[in-house]
Amino acid sequence: MSTEQRKQVIAVSDRLISIAHFCPRGSKVVDVGSGHGKLALYLRQTKIADYVIAVELNQDPLNRIERLINSKNPQQINIDVRSGDGLQPVEADEMEIVCLAGLSSSTIVKILEAAKKKLNQTKRLILQPIAKPEQLRYWLITNGWELIDEQIVAGQSRRLSKIHTILVAEPGKSLCAYQEANLEHDDLVYVGPILWQRREPLLHYKLRREQKHWKEALKTILEADPEHPTRRNQIISRIEWLEFLINKW
């Protein structure tokens, strides 16, 4: 890519750059819940993807995507914008790489479940939930997808207020990544087996931040209702479990 071409590439967040990094060069990508369309445009401008289908359910995001593409020489961009729910407007032979980013875990699971029969030609799933990535890890295990990579990315905030987890999976042995000897299976599903194996610093930060959150919640509950043990004991158990994970680090 020439210097002039690089100057024309749309500016995107570290989160979207990381997601794009997991798309094989020359691939055909389906970007579900494309939103502003920046990921789709970045994939084409950087020539990572040969062809992108951007899917959105609602008209306002569709209009934004089309305006963005139309401002960037649409004849050369090669992005197909489609209206529909999840993967419904996409055929199986178009779903080489499927990207679902910036959606809730439950929404991603719902989309994957609805399209399960069409995923037999898909080579890779790239998933970035808003929260609760463990729900997606359970789905991948249950449905025969092998977790081949994970990445944790900080949002663009001085306080690291947002932490994004990216999961990359391909058809294969769904339990292959979960072989870490010093943690139980469910613990690995929660923290992420590849993130844990790499001892990703942001994962450690995330665990400590979560523990701090529950300690503050416990203090609030003790002040408001010190005589009610059920919720208190649940939170104490959570704090102790997080302490166990942190000490295992």
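The values are calculated or read from the model by the stated rules, or taken from the named source; none is laboratory data. Quick caveat, the model's predicted, so the values are computed rather than measured. In this analysis, Cβ positions are derived from the backbone assuming ideal geometry, glycine residues included, and neighbour counts consider all displayed protein chains.
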Go through the range 40-55 residue by residue and tally those that are buried (at least 24 other Cβ atoms within 10 Å of the Cβ), out of contact with any Lys or Arg (no Cβ under 9 Å at 6 or more places or on another chain) and not small (G, A, S). 1
Tell me the helices (runs of 4 or more DSSP H) entirely within the range 92-200 that contain at least 2 residues that are within 22 Å of P24 (Cβ to Cβ) and in contact with a strand residue (DSSP E or B) (Cβ under 8 Å, 6 or more places away or on another chain). 105-114, 133-142, 193-198
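For (1) within 17 Å of I97 (Cα to Cα); (2) under 23 Å from the mean Cα position of the chain (by Cα); (3) part of a helix (DSSP H, G or I), each residue gets a yes or a no:
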position	(1), (2), (3)
L39	yes, yes, yes
R44	yes, yes, yes
K47	yes, yes, no
A54	yes, yes, no
I65	no, yes, yes
I69	no, no, yes
So H164, is it surrounded by 18 or more Cβ atoms within 10 Å (Cβ to Cβ) and either over 21 Å from Q128 (Cα atoms) or in contact (Cβ under 8 Å) with a residue 12 or more places away in the chain (or both): yes
Lone qualifier among D80, D14, D60 - being touching a Phe, Trp or Tyr at 6+ places or on another chain (Cβ under 8 Å) and modelled with pLDDT under 95: D80
